[in-house]
1. Give the calculated FRET efficiency between Ile5 and Ala44 to the nearest 0.05, with a Förster radius of 25 Å applied to their Cβ-Cβ distance.
2. Set the Förster distance to 30 Å, then compute FRET efficiency between Arg25 and Val60 from the Cβ-Cβ distance, nearest 0.05.
3. Hey, in the chain, which Cys have no second cysteine's beta-carbon closer than 4.7 Å?
4. If you build a Gaussian network model of the chain, linking Cα atoms that sit under 10 Å apart, which residue out of Val48, Val15, Val26 swings the most?
5. Pick out the long, greasy-scoring helices in the chain: whole DSSP H runs spanning 27 Å or more along their own axis by Cα, mean Kyte-Doolittle at least 1.6.
6. If I stretch the segment between Val13 and Glu33 completely, what's the gain in nm (0.36 nm per residue apart, minus their alpha carbon distance), one decimal?
7. For the ranges 4-12, 33-41, what's the packing order if you count other beta-carbon atoms within 10 Å of each residue, average per peptide, and put the highest first?
8. Once you keep just the Cα pairs under 8 angstrom separated by 6 or more residues, what percentage relative contact order results for the chain?
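The values are calculated or read from the model by the stated rules, or taken from the named source; none is laboratory data. Since the structure is predicted, the reported quantities are computational estimates derived from the model, not experimental observations. Neighbour counts run over all protein chains shown; Cβ positions are idealised from the backbone, glycine included. When the accessible area is computed, the model is the full protein with side chains, heavy atoms only, and any ligands, DNA or RNA have been set aside. Shrake-Rupley method; radii C 1.70, N 1.55, O 1.52, S 1.80 Å.
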Amino acid sequence: VPVAIQLHILCNVYVHNACHRSFPRVLNRIVGELCGLVVIARFASWEVLHQRHHQYSDDVEKDPHPVGPKYWPFFF
């Protein structure tokens, strides 16, 4: 069970990284789709939602988790 949990977590991280195009260009889609099978999510649909999530990155008013001067006030 611990190995399965670790694999699931890593696959989520790899899908996220593939969405941000962190792997070589050819591998992003392949890694995203293969790891998406493990986390039961299609890479293409996850990528669309995630790109929409980051549509207003670092915009203090529109970003869902804006970068502010202090972390703890945002956390609470």
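1. Once the sixth-power term is evaluated, E becomes 0.45.
2. 0.40
3. When partners are defined as cysteine Cβ atoms under 4.7 Å apart, the chain leaves Cys19 without one.
4. Sorting by GNM fluctuation, first place goes to Val26.
5. none
6. Between Val13 and Glu33, full extension yields 5.9 nm more.
7. For the peptides 4-12, 33-41, the packing ranking is 33-41, 4-12.
8. Computed value for the chain: 20 percent relative contact order.
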